[in-house]
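K.L.:
Can you keep this structure in mind? I'll have questions shortly.
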């Protein structure tokens, strides 16, 4: 796909009544109740551009978790922001929203057929069935300099370094980081990173993909019209209390990033960086602080 310039991602100033944004517009917190937490991206997404968020905080006692998807409804044209993304927003049409559950798996073709009658509405991401094993020929895999450092979603290439959640630095951070990488932790856990994007499929249509901790969950919605701009939808719902936007760089890695990767390659785990004779600022950068 054609490359596009990076721009700073923010939440739209129009959002649910229980949402409070921080000064940068990149952190959304639901301050009360369990609903009215619907947020939108400030600008429409470009094709292949991921809107990536990290779960910052949770609230016990509620049933349900984060919801994420796309809408072609311009937030500034809404008479009122719906109380729920599912079913309120999806019932208005031109919105595709999925609920992220503790037990998720990739969307399969069978799931798509079963959900055919509910096109344009929200659905639960994954239904717990065992994933069908599909053999992929070695020659069909992308062979490029970026293969190991990027996630490929059809013809879209996304840098992996920001996609996977990371624990807060601590004694067991190296163990927790591996759990995020292998998706062993629930996607609803604190520090999990979840993103949404759409991939054009020709004739003015696109497929929506949801990425959880660096893993593509498959095409969760197909045949989405791209005639109108598509905004990301994030519903800070129930047990999900606070989310933060993670900025993704699509260009070549900076010298700082390359140095960080070289340092990380030669250490046992992230906390070992403290033992190196490096400037404190560089240590913090290498630990993603």
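The values are calculated or read from the model by the stated rules, or taken from the named source; none is laboratory data. Note that this is a predicted model, so its numbers are computed, not measured. Please note: Cβ atoms are built from the backbone with ideal geometry, for glycine as well, and neighbour counts cover all protein chains shown.
K.L.:
Looking at the structure I just gave you, is residue 52 in the same structural domain as residue 180 (by TED's automatic domain parsing), buried (at least 19 other Cβ atoms within 10 Å of the Cβ) and either part of a strand (DSSP E or B) or in contact with a helix residue (DSSP H, G or I) (Cβ under 9 Å, 6 or more places away or on another chain) (or both)? Write out each step before concluding.
P.N.:
Working: in the same structural domain as residue 180 (by TED's automatic domain parsing): yes; buried (at least 19 other Cβ atoms within 10 Å of the Cβ): yes; either part of a strand (DSSP E or B) or in contact with a helix residue (DSSP H, G or I) (Cβ under 9 Å, 6 or more places away or on another chain) (or both): yes.
It is true that residue 52 is in the same structural domain as residue 180 (by TED's automatic domain parsing), buried (at least 19 other Cβ atoms within 10 Å of the Cβ) and either part of a strand (DSSP E or B) or in contact with a helix residue (DSSP H, G or I) (Cβ under 9 Å, 6 or more places away or on another chain) (or both).
K.L.:
While we're here: Can you tell me which residue among 61, 69, 37 is assigned by TED's automatic domain parsing to the domain that holds residue 99 and at pLDDT below 95?
P.N.:
Values: 69 fails: at pLDDT below 95; 37 fails: at pLDDT below 95.
It is 61.
K.L.:
Could you list, in sequence order, all residues of the stretch 17-36 that are in a loop (DSSP other than H, G, I, E, B) and within 20 Å of the chain's Cα centre (by Cα)?
P.N.:
22, 24, 25, 26
K.L.:
Also, I was wondering about something else. Listed residues 185, 151, 179; which is assigned to a strand (DSSP E or B) and at pLDDT below 95?
P.N.:
Numbers: 185 fails: assigned to a strand (DSSP E or B); 179 fails: assigned to a strand (DSSP E or B).
None of the other options fit; the residue is 151.
K.L.:
Restricting attention to the stretch 42-68, which residues are touching a strand residue (DSSP E or B) at 6+ places or on another chain (Cβ under 6 Å) and at positive phi?
P.N.:
48
K.L.:
A follow-up question, please. Please determine, by comparing only the residues of the stretch 97-115 that are under 16 Å from residue 237 (Cα atoms) and crowded, with 17+ Cβ neighbours inside 10 Å, which one is modelled with the lowest pLDDT. Let's see the steps before the verdict.
P.N.:
Looking only at the stretch 97-115, we keep the residues that are under 16 Å from residue 237 (Cα atoms), and these are 97-102.
Filter again for crowded, with 17+ Cβ neighbours inside 10 Å, leaving 97-101.
Numbers: 97: 97, 98: 95, 99: 96, 100: 95, 101: 89.
Going through the qualifying residues, I end up with 101.
K.L.:
Could you list, in sequence order, all residues of the stretch 245-262 that are surrounded by 18 or more Cβ atoms within 10 Å (Cβ to Cβ) and out of contact with any helix residue (DSSP H, G or I) (no Cβ under 7 Å at 6 or more places or on another chain)?
P.N.:
245
K.L.:
So for the stretch 212-224 (the condition being without any contact (Cβ under 8 Å) to a residue 12 or more places away in the chain and part of a strand (DSSP E or B)), does at least one residue qualify? Working first, answer last.
P.N.:
So in the stretch 212-224, the residues without any contact (Cβ under 8 Å) to a residue 12 or more places away in the chain come out as none.
Scanning the stretch 212-224, I find no residue that is without any contact (Cβ under 8 Å) to a residue 12 or more places away in the chain and part of a strand (DSSP E or B), so the answer is no.
K.L.:
Residue 25 fails exactly one of the following numbered conditions: (1) at pLDDT 95 or above; (2) touching a strand residue (DSSP E or B) at 6+ places or on another chain (Cβ under 6 Å); (3) within 30 Å of residue 157 (Cβ to Cβ). What is the number of that condition?
P.N.:
Failing condition for residue 25: (1).
K.L.:
Could we say that residue 191 is touching a helix residue (DSSP H, G or I) at 6+ places or on another chain (Cβ under 8 Å), touching a residue at least 40 places away in the same chain (Cβ under 8 Å) and under 28 Å from residue 275 (Cα atoms) here?
P.N.:
Yes, satisfied.
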